[in-house]
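Contents: one structure, followed by commentary.
The values are calculated or read from the model by the stated rules, or taken from the named source; none is laboratory data. Remember, predicted model here, so these are calculated numbers, not experimental data. Because the Cβ atoms are built from the backbone with ideal geometry, glycine has one as well, and the counts that use them run over all protein chains shown. Please note that ligands, DNA and RNA were not included when accessible areas were found on the heavy atoms of the full protein model with its side chains. Shrake-Rupley method; radii C 1.70, N 1.55, O 1.52, S 1.80 Å.
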Number of protein chains: 4
Amino acid sequence: MQRMTFLYLSGVCAVLLAITSSAYAHQAVGENLQGSDSETISSAGAQPTVGKSPWGPDDELGRLNLMTDESRAAVLSRVAGGNMYDLAEEYFMGMPGWFPAGDPRYNFWMTHTPRGTIIADPMNVGQEMNEHVSYTGSAFSMYSHTGTHIDALNHFGLNGEIYNGFSAEEYQGDHGWTKTGAETIPPIVARGVLIDVAAYKGVAELSPGYRVERDDLVGALESQQLELAEGDVVLIRTGRMRRYDDTEAYLENPPGLGMDGARYLVESGAMIVGADNLSLEAFPSEVEGNYIPVHTYLLAQHGIPIMELVYLEDISKDKIYEFAFIGGSLRLRGADAAPMRPIALPLR
Amino acid sequence: MQRMTFLYLSGVCAVLLAITSSAYAHQAVGENLQGSDSETISSAGAQPTVGKSPWGPDDELGRLNLMTDESRAAVLSRVAGGNMYDLAEEYFMGMPGWFPAGDPRYNFWMTHTPRGTIIADPMNVGQEMNEHVSYTGSAFSMYSHTGTHIDALNHFGLNGEIYNGFSAEEYQGDHGWTKTGAETIPPIVARGVLIDVAAYKGVAELSPGYRVERDDLVGALESQQLELAEGDVVLIRTGRMRRYDDTEAYLENPPGLGMDGARYLVESGAMIVGADNLSLEAFPSEVEGNYIPVHTYLLAQHGIPIMELVYLEDISKDKIYEFAFIGGSLRLRGADAAPMRPIALPLR
Amino acid sequence: MQRMTFLYLSGVCAVLLAITSSAYAHQAVGENLQGSDSETISSAGAQPTVGKSPWGPDDELGRLNLMTDESRAAVLSRVAGGNMYDLAEEYFMGMPGWFPAGDPRYNFWMTHTPRGTIIADPMNVGQEMNEHVSYTGSAFSMYSHTGTHIDALNHFGLNGEIYNGFSAEEYQGDHGWTKTGAETIPPIVARGVLIDVAAYKGVAELSPGYRVERDDLVGALESQQLELAEGDVVLIRTGRMRRYDDTEAYLENPPGLGMDGARYLVESGAMIVGADNLSLEAFPSEVEGNYIPVHTYLLAQHGIPIMELVYLEDISKDKIYEFAFIGGSLRLRGADAAPMRPIALPLR
Amino acid sequence: MQRMTFLYLSGVCAVLLAITSSAYAHQAVGENLQGSDSETISSAGAQPTVGKSPWGPDDELGRLNLMTDESRAAVLSRVAGGNMYDLAEEYFMGMPGWFPAGDPRYNFWMTHTPRGTIIADPMNVGQEMNEHVSYTGSAFSMYSHTGTHIDALNHFGLNGEIYNGFSAEEYQGDHGWTKTGAETIPPIVARGVLIDVAAYKGVAELSPGYRVERDDLVGALESQQLELAEGDVVLIRTGRMRRYDDTEAYLENPPGLGMDGARYLVESGAMIVGADNLSLEAFPSEVEGNYIPVHTYLLAQHGIPIMELVYLEDISKDKIYEFAFIGGSLRLRGADAAPMRPIALPLR
């Protein structure tokens, strides 16, 4: 019911029709019928390749094309009031992050302080003025995938190409990708759906390494009495976020999405897939020859951006399973990800 | 009329009453009556000091307290549809920024590339896997006041203290301020008002160094047939943003807000004051002994966060003078500012 | 014998005489006579304070004043030939460093690459030129105490002051200290002495947490048939460096210098004290109320720079116990340390 | 005369013989005979390619192979006394650097301060201990070619390869080059020769954009009564360093080495070529199709590392034209350059 209303309001029907006559739809249909790893990921003798966009050879947005004036109007018209949930976590020295590949940890430092400017005098205004005007400045650095963030489609590709066939050789330089960079990601206003798998399983947090699969998602949605719809921002709660303040504990073998669960979300029309853990998916990989198959499947094969480190504790507690998801990621030119501080507004 | 409706809906009356019996209100009243620099900024023999919050000695939010469930509901209920405006600009190597005080310029670099991982093998997965799984990662660093952003109240204080009397000695350490840090700034959902001074003056851009004063603001609002209301996010358009892609031109002697204009906005109840230029205010300072008086006036004396580098070109072109302003700044613990990518949703 | 010759040649006698009538000598004598922690470090009711320089109230060099044309000539005239030992280790992603206090880890990244410039074209010269001229650039960042380095005297002080009484309030600003910054450290050309405690103890590496004390130093020197002399660069080998390529192992509870050993070196006239471990001294601290007493004792009380992460494996293997130590640290203005790549040239 | 003595002492004859039967010697001879750009740089229809090392296909050192125990002994045995000259400049916020290609400027920041640790308490030791133990820490970041430094051979190549035929495709990854990285550069102990072109021309500084050619070098050497020898570190003084403290003036159209001058130094056996300006060579390029031909000629065709921003003012003033050059660059793994603080010791 929810789904029908949404589709009607958002007017994505035309797009969906377009999809059915495309490679994208073919993949989806193939999965629906066969549901096997061997077809889409690692069939004998054939490695997967990147998906082609049903929105044309120049398309850099993938499923973000599902967001339109109509889809935004549909969800905004259902906002219930002024109650607001913050879906982002803090940035702080020592915070969790992706450390195994040597990326820089979050760093924050003062560049000007009320007392330090009296000595450094960076504005050349003299001691008296610095004692009166108390200047504080700071700077920070981070791996683009730090804190609550969204992955751009170029984050993971296959065989030297990213989604829609853009090759690193032609489009990736020392200042990033000239295709699908984070600056191309529009602000997101869409229906958000929380799939609270931890709550469905009756646990505070899924067990370490737990792999969320199709049955978990279907079961949780049924218990929440919700259906997914094309264009949804789907956020999966593992419960791991409650350990965010203990970096080591947060990072230790987190539960995450499995390939079977990812296929279900692709088939269900998800526009963005996110979770409250570090890397969305569970490790180690289920797929031989690919150490991060859920990422390549969503990003490179299906053009679906990923969100990570989303703060879902408050909406879980208040059982806000459906909401207006509103958030804009930083427009980092050429980047493969960007920080974001989205909110959830409950719907009528 | 707009104003009354808004006040009624947003239910800030109680807060406003509280204000009238407080130091904050006293300052505002004082200004209304006297309207002179000498009282609030540099009266003979008395330098200004930081303001005390009418929301109590522990308050770290200042006028952000004006935002409530009711105020959010009021503006969200008026959203006209799904049309959306992006109010943020891109981050890129060589972009504009605050350079005179030696702060780090925006820097973006690749940490992993599809071809570079084949040699570096950061995940220790071997050449074959790196040739198949095409990993792109990047990192960035910036002065906190880079790109579209919001200043926290601790950014500028007076005499070693920030708004509400928190002293650097007690609350500012090597990891930032333990009071009013950017992590305390909530996501903003509020009525936004564009004051398009450039359009009002009939120019593409205000002249270099032009100081926007009370008359400009009043005149532009009249021509836009709008009144300000308590709790507004007020965004002033100078037109300078059209030079954003030419860093040198963007930074050269920008037009900005003057003290007289700032006082008008304080009296009008603005919750946040922003503009499309680098530093909101016009330079050189009008106030002896203070090189950046509009900042200290808004931030330190009145608890009003500042936004800078807001992209207002599209809403100007479409004459969207009133809108739902929705945006969340990064929760950088202890910081004096944070990047933000807000949107504007036109209102009915 | 070595010592007498050195003193005669180096002409430090005048300085030593000066020292004997100064506070510095007083401290040394005090220690010689009493040899107790209670006097110099934590006597009942009295915490230690920073030392005053015998070279006058403006002095920023401390014992580096012992280096003169004469002292340099003395050691250079004894260089045995062209045999050279590298005393520095490599910088690489994931390398050891001081992590507990949140300082940035060594980071290295490419800014230009032969293939990446073809896309990014940072010089605006076009594809053809970029394909012909293969440009590689990189950048790095680090905590100043990373890799083989020297600590400036401002690195650790006592009670808000550093060596010779310079206070943070007057001399430490947002761009570092205006006194004793790393830019004031001259290139070092001096007699170097390896005290190979690990070899003396007959072990590859001192046991975890082992505290090197006076007896160890005296015993090792005797076995090496060497005496210390004023102005020496004294380098203590614990053997920990053999684990440098295994960051976790390198950092795990390293052996280091104890207070008793440090006092011996102060009394012996050491100009610089160094070691092959991360932080010179052994932890946890022996001194109540001071978590890093060897540092404050050498730097703040006696004006003796410290070197850390010095590569001593090759000179140990070849039993090069006495050598010309030659090295210049980066002239980082205001800094509390600087990287350095010194060499050892064996003496006749 | 100097030259014969040096050769005899340093025992590089065997190396020179080896060179005469190699591609390297062939190049040198070709230049001696023909001396034309067309042959070595841009003959009709043929672009230059990288040189092959006479020291074999695995060689990563190029002409640094000329440094041996014997060559070091030869120069060290001639050291005149203890007089020492510092050849390096300071690093400071706002310092000169290579800005046109967007590389990060030198940045230095405090990570711990005596007063700031009292609030931040990074060691978790509490207020009292932080008030007693006054901790100062800092960090810095830079483009590898900042301040006095040496370029590794991989800094500029030709057609995707660097000196000795190592290709970017095989050897350049996200963590730098696995061939000829800065970690492979040994500490340098060699005969240094100052060619004081500015003094020879009787000017404080060569005129902006002045191109130093063969005649300037030959003339200056004659006036200094010196000859170059194989294995020399040749340092050219333009006089531009006197503007180092005024970044804009230092960078404005500097004088530098021309191709004709570079060829002379290659033929003369220089092991390292350096200067006191930002980029060694004069711009704009003399060679069509190559925007930085002196770099590619020295680094990629002849395996000669380059030094830049060398401080030569003091040795110029004291007419120290010949000296022991001693300095070690930071061992930055994979890097294309590394900072260095060399010294000059006058020779007998």
(message) Considering only residues that are touching an Asp or Glu at 6+ places or on another chain (Cβ under 8 Å), open to solvent by less than 10 Å² (accessible area, probe 1.4 Å) and without any contact (Cβ under 8 Å) to a residue 60 or more places away in the chain, which ones fall in segment B:196-221?
(response) B:197, B:220, B:221
(message) Quick check on my filter: what residues within segment D:254-282 are of a type in the set (S, T, N, Q) and under 15 Å from the mean Cα position of the chain (by Cα)?
(response) D:277, D:279
(request) Just need a number here: residues in segment D:64-90 that are without any contact (Cβ under 8 Å) to a residue 60 or more places away in the chain and under 25 Å from residue C:184 (Cα atoms). (result) 2
(request) Within segment B:85-96, count every residue that is in contact with a Phe, Trp or Tyr (Cβ under 7 Å, 6 or more places away or on another chain), in a loop (DSSP other than H, G, I, E, B) and more than 10 Å from chain D (Cβ to nearest Cβ). (result) 5
(message) I need the full set of residues from segment B:131-163 which are buried (at least 24 other Cβ atoms within 10 Å of the Cβ) and either assigned to a helix (DSSP H, G or I) or over 28 Å from the mean Cα position of the chain (by Cα) (or both), in order please.
(response) B:133, B:134, B:135, B:136, B:137, B:153, B:154, B:155, B:163
(request) Residues being more than 9 Å from chain C (Cβ to nearest Cβ), surrounded by fewer than 22 Cβ atoms within 10 Å (Cβ to Cβ) and not in a helix (DSSP H, G or I): count how many of those fall in segment D:55-84. (result) 7
(message) Is it the case, given these coordinates, that residue A:227 is open to solvent by 20 Å² or more (accessible area, probe 1.4 Å), farther than 17 Å from residue A:148 by Cβ and assigned to a loop (DSSP other than H, G, I, E, B)?
(response) yes
(request) Could you tell me which numbered condition residue B:189 fails, if it satisfies all but one of (1) out of contact with any Lys or Arg (no Cβ under 6 Å at 6 or more places or on another chain); (2) crowded, with 20+ Cβ neighbours inside 10 Å; (3) not in a helix (DSSP H, G or I)? (result) (1)
(request) Look at residue D:140 and say whether it is aromatic (Phe, Trp, Tyr) and either within 12 Å of chain B (Cβ to nearest Cβ) or more than 30 Å from residue D:254 (Cα to Cα) (or both). (result) yes
(message) For the structure I just gave you, tell me whether residue A:277 is among the polar types (S, T, N, Q) and touching a Lys or Arg at 6+ places or on another chain (Cβ under 6 Å).
(response) yes
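More than 30 Å from residue C:247 (Cβ to Cβ) and within 9 Å of another protein chain (Cβ to nearest Cβ) - does that describe any residue in segment C:97-109?
First, the residues of segment C:97-109 that are more than 30 Å from residue C:247 (Cβ to Cβ): none.
Within segment C:97-109 (the criterion being more than 30 Å from residue C:247 (Cβ to Cβ) and within 9 Å of another protein chain (Cβ to nearest Cβ)), the answer is no, since none of the residues qualifies.
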(message) Given (1) at negative phi; (2) more than 10 Å from every other protein chain (Cβ to nearest Cβ), identify the lone condition not met by residue A:280.
(response) (1)
(request) Sort out which residues of segment B:110-130 are more than 7 Å from every other protein chain (Cβ to nearest Cβ), open to solvent by less than 40 Å² (accessible area, probe 1.4 Å) and more than 12 Å from residue A:157 (Cα to Cα), and write them in order of number. (result) B:121, B:126
(message) Condition first: outside any helix (DSSP H, G or I) and out of contact with any strand residue (DSSP E or B) (no Cβ under 7 Å at 6 or more places or on another chain). Now tell me which residues in segment C:192-205 satisfy that.
(response) C:201, C:202, C:203, C:204, C:205
(message) Being of a type in the set (A, V, I, L, M, F, W, C) and closer than 24 Å to residue C:163 by Cβ: is that true of residue D:129 here?
(response) yes
(message) Testing residue D:298 on (1) more than 10 Å from chain C (Cβ to nearest Cβ); (2) open to solvent by 10 Å² or more (accessible area, probe 1.4 Å), one condition comes back false. Which one is that?
(response) (2)
(request) Check off (1) open to solvent by less than 50 Å² (accessible area, probe 1.4 Å); (2) modelled with pLDDT of 95 or more for residue C:24 and give me the number that stays unchecked. (result) (2)
(request) Test residue B:289 against the criterion of being within 14 Å of chain A (Cβ to nearest Cβ), open to solvent by 20 Å² or more (accessible area, probe 1.4 Å) and at pLDDT 95 or above, and give yes or no. (result) yes
(message) Return the residues of segment A:264-286 that are open to solvent by 10 Å² or more (accessible area, probe 1.4 Å) and in contact with an Asp or Glu (Cβ under 9 Å, 6 or more places away or on another chain); say none if nothing qualifies.
(response) A:264, A:267, A:268, A:278, A:279, A:286
(request) Check whether at least one residue in segment C:86-99 is hydrophobic (A, V, I, L, M, F, W, C), surrounded by 21 or more Cβ atoms within 10 Å (Cβ to Cβ) and more than 24 Å from the chain's Cα centre (by Cα), and report yes or no. (result) no
(message) Can you tell me how many residues within segment C:230-246 are open to solvent by 10 Å² or more (accessible area, probe 1.4 Å) and within 21 Å of residue C:278 (Cβ to Cβ)?
(response) 5
(request) Name every residue in segment C:167-180 that is over 21 Å from the mean Cα position of the chain (by Cα) and either basic (Lys, Arg) or surrounded by fewer than 23 Cβ atoms within 10 Å (Cβ to Cβ) (or both), in order of residue number. (result) C:167, C:169, C:170, C:171
(message) Tell me the residue from B:160, B:147, B:181 that is touching a residue at least 12 places away in the same chain (Cβ under 8 Å) and within 14 Å of chain D (Cβ to nearest Cβ), please.
(response) B:181
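Residues are listed down the side, and each one gets a yes or a no for (1) open to solvent by 10 Å² or more (accessible area, probe 1.4 Å); (2) over 17 Å from the mean Cα position of the chain (by Cα); (3) under 18 Å from residue B:136 (Cα atoms); (4) facing chain B (nearest Cβ under 8 Å):
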residue: A:308; (1), (2), (3), (4): no, no, yes, no
residue: A:312; (1), (2), (3), (4): no, no, no, no
residue: A:318; (1), (2), (3), (4): yes, yes, no, no
residue: A:325; (1), (2), (3), (4): no, no, no, no
residue: A:333; (1), (2), (3), (4): yes, yes, yes, yes
residue: A:338; (1), (2), (3), (4): no, no, yes, no
residue: A:346; (1), (2), (3), (4): yes, yes, no, no
(message) For segment A:230-249, which positions are in a helix (DSSP H, G or I) and farther than 13 Å from residue A:313 by Cβ?
(response) A:247, A:248, A:249
